[in-house]
Every structure is written in structure tokens, then in C-alpha cells.
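Working notes, beginning with the structure itself.
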Amino acid sequence: MKTLVKYLIFRYSIFMSDIETVTSNLKAEIASRGLSVLELAGCLGISDSALHARLNKMKPEIKISELQTLARYMGISSELFYQGVGQWSKEGK
């Protein structure tokens, strides 16, 4: 039982690290394009405070569908948000 708990904690920490990476990549794209939280929240149909909470690692985390919507709005591939996660490297491979 202790081994299972340790494994689950380990997997959760990896998952949370991946969420932080995706959120960080999203925030970098937002900043580089000079977009506002208010503008992007409108694009998603949510309040600016809800988007602010998602971007600052509060619950709930940003959804995949929201990432895809934001990527389309920015005119980029949503894959950019996943650089550094799992199979993706920091170099974009």
C-alpha cells in the first residue's frame, strides 16, 4: 500500500509539473503578443477573474479545449503550449 501511495504522489507531481509548464508557455505567448486577460477571457466566454485564476495555478486548471481556442485566436498551433512536456523538448521537437 505504501508503494502505491508513493507512486501516486510521484505521478501527481509529474502531472502538476506538466500543468505548470503548459501554463508558463501560455503566459509567455500572451505576453509576447501583448494580449490582455480581459480580451482572452472574452474569447473563451469566461470572466477575466476565472482566466486569471487558471493562469496563476489556482483551481480549476486550464482545459485542453481552452488551450485550443486560445491558440486559434492567436493564430498559432496549440502544440507550442506543450513544449517541455512529456515527449516535447524545450527546442520544440
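Here are the numbers:
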{"item": "Solvent-accessible surface (1.4 angstrom probe) belonging to I19, in square angstrom, nearest 10", "result": "30"}
{"item": "Note, ³J(HN,Hα) from phi for the range 47-58, Karplus 6.51, -1.76, 1.60, rounded to Hz, x at Gly and Pro", "result": "6, 5, 5, 5, 5, 4, 4, 5, 6, 10, 6, 8"}
{"item": "Accessible area of E61 in the full protein assembly, 1.4 Å probe (Å², nearest 10)", "result": "60"}
{"item": "Rough spin-label spacing in nm, given labels placed 7 Å along Cα→Cβ, for S65 and V37", "result": "2.3"}
{"item": "Length gained when the stretch S77-S47 is fully extended (0.36 nm per residue, less Cα-Cα span)", "result": "8.4 nm"}
{"item": "Gyration tensor (alpha-carbon) shape descriptor, the range 39-87, a/c threshold 1.5", "result": "oblate"}
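The values are calculated or read from the model by the stated rules, or taken from the named source; none is laboratory data. As the structure is a computational prediction, the values presented were derived from the model and not from experiment. Neighbour counts are summed over all protein chains in view; Cβ atoms, including those assigned to glycine, are modelled from backbone coordinates with ideal geometry. Calculation scope for accessible area: heavy atoms of the full protein, side chains included, ligands and nucleic acids excluded. Shrake-Rupley method; radii C 1.70, N 1.55, O 1.52, S 1.80 Å.
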